[in-house]
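Quick notes on the structure that follows.
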């Protein structure tokens, strides 16, 4: 069961968070939500549950705009401050666990942006659940330029049908990052990791794949 808590984001007030800390956990994951849905989104709930079964604690949290029920996302300065505050909170809540950080889409990009500005304390790697490389229908790689300044390993979990990350643009980005970057493709997955019925795969199978990929990659850090 998730523990509800709050923490302070400098300049933005307090935000809510959920801590899932299974007995015997060996890793903590600071997990940020996407632009359109908060920390209680069913996708993040399901990922947290499956990670808990694999010994991974998760700290999910709200960005200030979501806490205030605003539609417009926070500026990068506010969002990266929230990422850094969430990591600091995880260091207090699960002080004995090594940490990774990341999130879904917007949360992934803001986490990597924060890490590019300054390393996140005690964070050994970044795991992205659908990195938003570009807007749909507008393939580009400019949103990835800051990744060159990230100093820890990165895991990109991407669906092969992700309209926010054309593989012809994403694969060269990952290649340029060298040994710091790992790309795990979810066959047939879209930006939310949904798969078509004709794939023969279930939602549960995809979620299990994501959890296994995150925990397996993190074990090697």
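No lab work stands behind these numbers, since they all come straight from the coordinates. Quick caveat: nothing in here was measured; it's all calculated off a predicted structure. Backbone-built Cβ (ideal geometry, glycine too); neighbour counts: all protein chains shown.
Some notes on this structure:
- Result for the chain in a Gaussian network model with C-alpha springs under 10 Å: among 101, 35, 17, the largest mean-square fluctuation is at 35.
- By the count of other C-beta atoms within 10 Å, a proxy for reagent exposure, 65, 29 are ordered fewest to most as 65, 29.
- Inter-label distance for residue 1 and residue 70, nm, one decimal - labels placed 7 Å from Cα along Cα-to-Cβ: 3.4 nm
- The range 148-203 and the range 120-145 have Cα centres spaced 10 Å apart.
- Among 107, 189, 200, the largest mean-square fluctuation in a Gaussian network model of the chain, built with springs joining Cα atoms closer than 10 Å, belongs to 200.
- Most mobile of 129, 51, 167 in a GNM of the chain (Cα contacts under 10 Å): 167
- In the chain, the calculated helix contribution to ellipticity at 222 nm averages -10500 deg cm²/dmol per residue, counting -39,500 (n - 2.57) for every DSSP H run with n ≥ 4.
- Taking other C-beta atoms within 10 Å as the exposure proxy, 66, 1 rank 1, 66 from fewest upward.
- Fewest-first sequence of 58, 6 by Cβ atoms within 10 Å of each Cβ: 6, 58
- Mean projection of the Cα convex hull over all viewing directions, computed for the chain: 11.3 nm².
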